[in-house]
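To keep things clear, I will list the structure first and then write my remarks on it.
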Amino acid sequence: MPEGHTIRHLATVHEKWFAGKKVKASSPQGRFALYARQIDDQVMTHASAHGKHLFLHFGKPIVHVHLGLYGWFTLTKATQEQPTGTTRLRLQNDEYTSDLVGPTKCELITEEQMHLITAKLGPDPIHEDADVEQAWNNISKSKKSIASLLMNQAAIAGIGNVYRAELLFRAQMDPMMPGNKMSRDEFDEIWCDARALLRIGAVDGVIKTVNPQYLTNEEKAVGGHAQFSYVYKRTGLPCRICNTKIEQSNVDGRKLYWCPECQI
DNA sequence: TGAGTATGTTCAG
DNA sequence: TGAACCTACTCAT
């Protein structure tokens, strides 16, 4: 589901499947129908991602997608199956089908509008050339907690509620630490870990944060595509490291999970 | 059948 | 700060 790793994964798959070829575009649900007609039978040139925003480039027109909380793509080998009535956008060629359901945003924009969107976002750690100094600047000048700042897309783009909880646990950091009280070393550790974890997650679109040595035998048996966490959604369960019960609280209206023993 | 929940964002008050 | 929005799924009634 949608944090930065998912969007990067989706950009990669769409580019691999559709770039350089004519694409059939339709909007079974109807809300994107007018725009779908404009890109129908056009060639997708490439796909790109910044944070949680996906851009599918059809020459000048660009499809801008933000999945929001529960939007998703169903990616399949070319199918004759009818899309569900809620499918906002279907992209298809002879080999592949991409169905988009429930996005917060699906619109046709210009390159200029795309730049306006990305200009409002902080550096995306998954990008090779991401500006770490800009990210440090955004964090270190704020009195807000690091838990709050990591979710702020204008500070750092692409991190969501799962990666936030897991990054803070892995760094053994108090989630309430104000950005302007963090040392550069502490920030660098989180930034580098975010880079690494997002890239690992982007490979197959699954969030992987737990060192296998801390998985139970049952969890190990489940294997590859399963998602496990140190603290996310583990309220009341014992910490994988110290056995203290994981706690849950609310930061900016979102649930935050942490270990009161490890993260001091 | 209906309430609650979900890895998100925006806008009104 | 809280509600609204986009959708599907789980669980209680």
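Structure values in brief
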| item | result |
| --- | --- |
| Amide H within-cut-off set for A:TYR96, under 5 Å, with H built and near neighbours excluded | A:ALA78 |
| Long-range amide H partners of A:ILE246 with built H, under 5 Å | A:GLY236, A:LEU237, A:CYS239 |
| Least to most buried among A:ARG90, A:ARG37 (fewest other Cβ within 10 Å first) | A:ARG37, A:ARG90 |
| 18 Å reach of a label modelled at A:THR79, 7 Å along Cα-to-Cβ, counting backbone N of the range A:92-136 | A:92-103 |
| Ellipticity estimate at 222 nm from DSSP helix runs (n ≥ 4, -39,500 (n - 2.57)) divided over chain A, nearest 500 | -9000 deg cm²/dmol |
| In order through the range A:62-77: 3J(HN,Hα) via Karplus (6.51 cos²θ - 1.76 cosθ + 1.60), integer Hz, x for Gly, Pro | 10, 7, 9, 10, 10, 6, x, 6, 9, x, 7, 9, 9, 10, 9, 4 |
| Range in chain A, longest, excluding exposed GluC sites (Glu not before Pro) [loop by DSSP; at most 13 other beta-carbon atoms within 10 Å] | A:129-264 |
| Cα Rg, Dmax (largest Cα-Cα span) when computed across the range A:1-132, Å | 14.0, 46 |
| Charged-residue dipole, Cβ positions (Lys, Arg, Asp, Glu), the range A:161-264 about Cα centre, Debye nearest 20 | 220 debye |
| Residues A:VAL132 and A:LYS16, FRET efficiency given R0 of 45 Å [Cβ-Cβ distance, rounded to 0.05] | 0.95 |
| In sequence order, calculated HN-Hα J values of the range A:159-171 (Karplus, 6.51, -1.76, 1.60; Hz; x Gly/Pro) | 8, x, 5, 6, 4, 4, 4, 6, 4, 5, 5, 4, 8 |
| Ascending count of other beta-carbon atoms within 10 Å, so fewest first, for A:THR118, A:THR209, A:THR244, A:THR6 | A:THR244, A:THR118, A:THR209, A:THR6 |
| Distance in nm between pseudo-label sites at A:LYS233 and A:ALA119 (7 Å out along the Cβ direction from Cα) | 3.8 nm |
| Listed residues A:ALA11, A:GLY68, A:THR45: farthest to the positive end of the dipole of the range A:1-125 (Cβ charges) | A:GLY68 |
| Three-way shape call for chain A based on the alpha-carbon gyration tensor, with the a/c threshold at 1.5 | prolate |
| Phi to ³J(HN,Hα) by Karplus 6.51 cos²θ - 1.76 cosθ + 1.60 over the range A:81-96, Hz, x for Gly, Pro | 5, 5, x, 5, x, 9, 5, 6, 9, 10, 10, 8, 10, 4, 9, 9 |
| Sites A:LYS245 and A:ALA221, calculated FRET efficiency, Cβ-Cβ separation with R0 30 Å, nearest 0.05 | 0.75 |
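Readers should treat all values here as calculations from the given coordinates under stated rules, not as data from a laboratory. Quick caveat: nothing in here was measured; it's all calculated off a predicted structure. When we count neighbours, we look across all protein chains shown, and the Cβ atoms used for this are built from the backbone with ideal geometry, even at glycine.
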